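The values are calculated or read from the model by the stated rules, or taken from the named source; none is laboratory data. Because the structure is predicted, anything quoted here is derived from the model rather than measured. Every residue, glycine as well, gets a Cβ built from its backbone with ideal geometry; the counts of neighbours run over all protein chains shown.
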Amino acid sequence: MGVWVGPDGESVLAGLNPGDYSGGINSDLSKPLPPLPPDKVLDDLNKKFQPLRQELVHADQNNSTMDARHIEEYLAVRNQQKTELQMQKDRELSRHQNDWAARVELNGKVSGVLTDYHYYGTGDIGGTPEEDSVKRLEAIITGGKASLPPDVDSLFSRFSMSRDRWWSLAADRYT
């Protein structure tokens, strides 16, 4: 929340980065989300990339040419690495958008105001928030009990396809 003042001196109340209307309450808003686990796929790609990069630098320093297969592998790993980095960035942004406690903390650090707000409901089409989200919010405010949905990582582990297979399907979106 803030006030934006235009070049003409006029002002308007501004809600910057309030999220989308379609967000539900899927976690305890009073507590930050637990940290994401390390990205094993990205770690593995970094391990593959480093020796290929060193070989490229060595070839460049010696005015020689890298083996064509290694160049192809270097480019493939680099593209996979870029894709995985973008996917990680998207996951982190999405996670931050849904981590209300962390958003309040960050807003307090940068503005001195410990507050945040989100649009809530079903958006421009009208309607009401989902009943389970209302129950969770009421339980958070009153200290009551409400069941939370399983976290994304536990849902992901229930998928029958491996993360590598999912990555190969999703990679087309980013390349």
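Quick notes on this structure:
- Selection within the stretch 29-52: residues that are hydrophobic (A, V, I, L, M, F, W, C) and part of a helix (DSSP H, G or I). The member of this set that is farthest from ALA101 (Cα to Cα) is LEU52.
- Yes/no for LYS82 being over 30 Å from GLU55 (Cα atoms), modelled with pLDDT of 80 or more and of a type in the set (Lys, Arg): no
- Flag for GLY24 being part of a loop (DSSP other than H, G, I, E, B) and loosely packed, with under 12 Cβ neighbours inside 10 Å: no
Conditions tested, residue by residue: (1) surrounded by 14 or more Cβ atoms within 10 Å (Cβ to Cβ); (2) modelled with pLDDT under 80; (3) within 30 Å of VAL77 (Cα to Cα).
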{"position": "TRP100", "(1), (2), (3)": "yes, no, no"}
{"position": "LYS109", "(1), (2), (3)": "no, no, no"}
{"position": "TYR117", "(1), (2), (3)": "yes, yes, no"}
{"position": "SER133", "(1), (2), (3)": "yes, no, no"}
{"position": "SER147", "(1), (2), (3)": "no, yes, no"}
{"position": "PHE156", "(1), (2), (3)": "no, yes, yes"}
{"position": "SER160", "(1), (2), (3)": "no, yes, yes"}
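Quick grid of which residues meet (1) modelled with pLDDT of 85 or more; (2) out of contact with any helix residue (DSSP H, G or I) (no Cβ under 6 Å at 6 or more places or on another chain); (3) over 30 Å from ILE71 (Cβ atoms):
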{"site": "GLY6", "(1), (2), (3)": "yes, yes, yes"}
{"site": "LEU13", "(1), (2), (3)": "no, yes, yes"}
{"site": "ASN17", "(1), (2), (3)": "no, yes, yes"}
{"site": "TYR21", "(1), (2), (3)": "no, no, yes"}
{"site": "LEU33", "(1), (2), (3)": "yes, yes, yes"}
{"site": "LEU52", "(1), (2), (3)": "yes, no, no"}
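- Taking every residue in the stretch 49-75 that is more than 24 Å from LEU85 (Cβ to Cβ) and pairing it with any residue that is exposed (fewer than 11 other Cβ atoms within 10 Å of the Cβ) and at pLDDT below 95, at least 6 positions away or on another chain, the pairs with Cβ-Cβ distances below 7 Å are ALA59/THR65.
- Scanning the stretch 53-91 for residues that are outside any helix (DSSP H, G or I) and exposed (fewer than 14 other Cβ atoms within 10 Å of the Cβ) yields ASN62, ASN63, SER64, THR65, ASP67.
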